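The values are calculated or read from the model by the stated rules, or taken from the named source; none is laboratory data. The structure presented is a predicted model; accordingly, all values stated were derived computationally and were not measured. Because the Cβ atoms are built from the backbone with ideal geometry, glycine has one as well, and the counts that use them run over all protein chains shown. Heads up: the accessible areas ignore ligands, DNA and RNA and are worked out on the full protein's heavy atoms, side chains in. Shrake-Rupley method; radii C 1.70, N 1.55, O 1.52, S 1.80 Å.
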Amino acid sequence: MKMKKLILGAVVISSLLLMSFCGFYVSKADGTLKNKTSQVILVRDGNKNVITMYNDFKGDTKDFAMVVPVPVVLKKEDVKVVDQGVFQRLNDYSAPRLVEYWDQNPCQGYYNEDKMAPMANKSLSEVVVSGYGNVRKKETVKIEAQYLIGEYDILILSAKGSSGFKTWLNENGYKIPANAEEVLDPYIKSNLKFFVVKVNEKEKAKLANNFLRPIQIKFTSPKFMLPIRLGMANADGDQDLIVYAFTRKGRIECTNYRNANIATDKNIPLFVQKNFNAFYGNLFTTQWKKEDKNVAFLEYAWDVSPQNYYHCDPCIATAPSAQDLVQSGVWWLNGKDWSDYSDVDDEEYDNGSKNVHFTRLHFRYNRNSFAQDLMFQVTPNTETFQARYVITHPAQGDMSCDAGKKYLKELRERRKKELKELAVLTGKDMNTWQEDAMAFADEDEQKNEATQYATIIDSASKEEENHSPIGILSLTALMLGGAGLMRYKGMI
Amino acid sequence: MFLQKLFKDARYFQILFQSIFLSYGIYFLHWKAEWWLYITYFATSIITQLAFEYFLGKKEFAYSSRIAFSIPSVIISSFGLSLLLKTNDVEIAALAAFVSIASKFLVRINGKHIFNPSALGIITAIFLTGKAWFSPGQWGSGAVILFGVCCLGFIVVTRVQKLDTSLAFLGTFAALLFIRQIIYLGWPLDFFVQSISTGSLLLFSFFMITDPKTIPNHTIARVLWCMLIAVVAFYLATFKFMNGAPILVLVLAQPLVPLIDKLFKAKPFEWKPASAMNKKETRFINTVYNNLSI
């Protein structure tokens, strides 16, 4: 059966992408600010790091500030704001994808022409932030640096002890989430500094848009990590984090949590295209539970160097341009080297390579399963990966010839497999999909009733009821027999 | 009987446990099974052993019996590589396996090989070629794994009577981590538990550092040597953020072993027989073991 490959637009898991982040938000009003999902771009080569943070909050965003632990005191040149659209483009490009194939009518030898389904992009929710209070200097807390970048007032603080830091925050009107305290001390003793961001109302008023742009920081440090522990302080339950990482060498991987590939290349029923978001949401949750809730899921890995033509198969959005990559902090493209980009001395040897490897990791964490911050390493692993799900459209038209009848039979079997796969992937019994299957029946290109998803679900659930436990019985008999034989031979 | 015969040589236990770990990783932790990689490790190791044994082996024993006796060690090294070393390139995999086995024949002092074969193969591939890597996070830190690895590991080392090695290393390493993470930095306890319950660390402590041929003979010297490895590995892991620090430090510390053996005289390691083994068999195994490159 010849198949025609077509691409359906990626559907961003918008429900999962209500962004938040790795620091914690300090609310001046009652702490109703919650962060659920975050997106971070990490760029790493040698000991050089660029981190770009995209924030989104839930709740009243009035009176807001953000605190991020950083390993070094950042200078003014090390901080900048970048275009928010970069996150959208990276997300669209690396998101799990749905692929469409068309069956050929065996009776006519004709098949549909390629058509490109429209891209189903969903915009990420926007960040609205306003207000901030005064900051006073206190003895136990030292203001290492202070500057204005774009619409932000930025402070780099170092503290002698967590109690002093807490007092300082309280005196300056910030409410610290109760859970944040247990990590402040370890951070301070690890010699981390605190990057405190507030909005400068005057500067913000000059901007046309009403959201805050992502903040990008860069520094040299052997530590390749993301401090998620602070971010757990003001989140409700599980938080999602999407990491877009760029390196010269290959994939990044988490070194203190298990890395797992999300299930990929699965054939799933046609009706899933109606709600791919919900499908992927279910799939992710099922896999996450299966992996004991403490893994780093790989969703995409590819060499996206501008000189490399193929970045995915199929691609679901335009590849990030060299300019997007440079915006993301990939300083080695575009003739920029680290010293142009920063005044940090370039001590490391720069091999001049223009390779860019893109890794997308998806975390879902909570305090119980994630006791430590995320530590990473750059590996030389250049193997490609993408989360890809396949739907296949049936052939249409007259099926009265022998080949056509055979095709219908095969189609039914194939769809049964697809339904089983769907149940395994989403952890939801086939019957729970009956409603979607019935709703889809009218749109199905193949009107033969026996091949309809809804019909197959009905008959499959009946078959299951008749299932006798032959497998278990025979296995038990085999084990008993084996044990008896060993006993007889005097082995046990 | 067959099972009793199996128990005479502790290496069979090690092979059994290593194969359990690999299956556990593939079937329960859903590792991507890289069959081509495992095959490369095993094939290259075995071919290298056959070739070196042919040209450089001790001629006083028949080739076939030398091979028969050394094959389990080759399998152990191959499993060691399969469990810890990853690469995209078949040449790099072959190189790692070749270095592992060849070092047993080429780098010898006083009839003892210097390097733990798989540790040297891993370090060579990671640090010299830059095209291989070690995934410390691949085991996760489930308590079940901790328990399983400890128990299985315990049996293996008691069979080869080198539990002191594991405990000296693991005890020192864990104590330093505890002091740093809990007492000094003030992290909650589960932070520390996650650090020490990684499968990679336990695998190293019970299956790699314990290799009886590449550790000092003298008990106290051996314990001190293990503690030294733990201290340096702790420093590199904590302050230099190095992954796989224990393996690197082990390889760097192994050339000290002949020197330590010279300073602290002790009887070299001997396989102690399981009760079922008679004196003649024990003597044979020890003669063979001490004279061959296994």
For segment B:103-135, which residues satisfy the criterion of being in a helix (DSSP H, G or I), among the hydrophobic types (A, V, I, L, M, F, W, C) and either buried (at least 24 other Cβ atoms within 10 Å of the Cβ) or touching a helix residue (DSSP H, G or I) at 6+ places or on another chain (Cβ under 6 Å) (or both)? B:105, B:119, B:120, B:122, B:123, B:125, B:126
Here the residues within segment A:180-201 that are of a type in the set (A, V, I, L, M) and more than 14 Å from every other protein chain (Cβ to nearest Cβ) are A:196, A:197, A:199
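One line per residue, one yes/no per condition, for (1) modelled with pLDDT of 95 or more; (2) within 20 Å of residue B:36 (Cα to Cα):
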residue	(1), (2)
B:64	no, no
B:80	no, yes
B:84	no, yes
B:89	no, yes
B:98	yes, yes
B:110	no, no
B:114	no, no
B:117	no, no
Scan segment B:213-223 and tell me whether some residue there is loosely packed, with under 15 Cβ neighbours inside 10 Å, more than 14 Å from every other protein chain (Cβ to nearest Cβ) and over 23 Å from residue B:83 (Cβ atoms). yes
Quick check: is even one residue across segment B:164-178 modelled with pLDDT under 85, touching a helix residue (DSSP H, G or I) at 6+ places or on another chain (Cβ under 8 Å) and crowded, with 18+ Cβ neighbours inside 10 Å? no
What number of residues within segment B:72-93 satisfy the criterion of being free of Cβ contacts under 8 Å to residues at least 60 places away in the same chain, within 14 Å of chain A (Cβ to nearest Cβ) and part of a helix (DSSP H, G or I)? 4
For residue A:59, all conditions in the list (1) open to solvent by 10 Å² or more (accessible area, probe 1.4 Å); (2) at pLDDT 85 or above hold save one; what is the number of the exception? (2)
Filter segment A:230-244 down to residues that are open to solvent by 10 Å² or more (accessible area, probe 1.4 Å) and in a loop (DSSP other than H, G, I, E, B) and give me whichever is modelled with the lowest pLDDT. A:235
Could you list, in sequence order, all residues of segment A:245-271 that are buried (at least 23 other Cβ atoms within 10 Å of the Cβ), touching a residue at least 60 places away in the same chain (Cβ under 8 Å), charged (D, E, K, R) and part of a strand (DSSP E or B)? A:253
Selection count, segment A:210-238, where residues are more than 14 Å from chain B (Cβ to nearest Cβ) and touching a Gly at 6+ places or on another chain (Cβ under 7 Å): 5
Considering B:195, B:200, which residue is touching a Leu at 6+ places or on another chain (Cβ under 6 Å), open to solvent by less than 30 Å² (accessible area, probe 1.4 Å), within 14 Å of another protein chain (Cβ to nearest Cβ) and in a helix (DSSP H, G or I)? B:195
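Could you tell me whether residue B:52 is surrounded by 20 or more Cβ atoms within 10 Å (Cβ to Cβ), outside any strand (DSSP E or B) and in contact (Cβ under 8 Å) with a residue 60 or more places away in the chain? Quick ask: steps written out before the conclusion?
Working: surrounded by 20 or more Cβ atoms within 10 Å (Cβ to Cβ): no; outside any strand (DSSP E or B): yes; in contact (Cβ under 8 Å) with a residue 60 or more places away in the chain: yes.
In short, no.
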Six or more apart or on different chains, Cβ atoms under 7 Å: show the pairs whose first residue is in segment B:162-191 and assigned by TED's automatic domain parsing to the domain that holds residue B:207 and within 23 Å of residue A:371 (Cβ to Cβ) and whose second is of a type in the set (Ser, Thr, Tyr) and assigned to a helix (DSSP H, G or I). B:170/B:205; B:177/B:195; B:180/B:238; B:181/B:195
Taking the conditions exactly as written (at positive phi, at pLDDT below 65 and not hydrophobic (A, V, I, L, M, F, W, C)), does residue A:329 satisfy them or not? no
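With the structure loaded, tell me whether residue B:96 is within 14 Å of another protein chain (Cβ to nearest Cβ) and under 18 Å from the mean Cα position of the chain (by Cα) or whether it fails that test.
Working: within 14 Å of another protein chain (Cβ to nearest Cβ): yes; under 18 Å from the mean Cα position of the chain (by Cα): yes.
Against the criterion (within 14 Å of another protein chain (Cβ to nearest Cβ) and under 18 Å from the mean Cα position of the chain (by Cα)), residue B:96 qualifies.
Give A:223, A:218, A:206, A:202 a once-over and let me know the one that is closer than 28 Å to residue A:157 by Cα, in the same structural domain as residue A:352 (by TED's automatic domain parsing) and buried (at least 22 other Cβ atoms within 10 Å of the Cβ). Lay out the reasoning, then the answer.
Details: A:223 fails: buried (at least 22 other Cβ atoms within 10 Å of the Cβ); A:206 fails: buried (at least 22 other Cβ atoms within 10 Å of the Cβ); A:202 fails: buried (at least 22 other Cβ atoms within 10 Å of the Cβ).
Just a single option satisfies the conditions, and that option is A:218.
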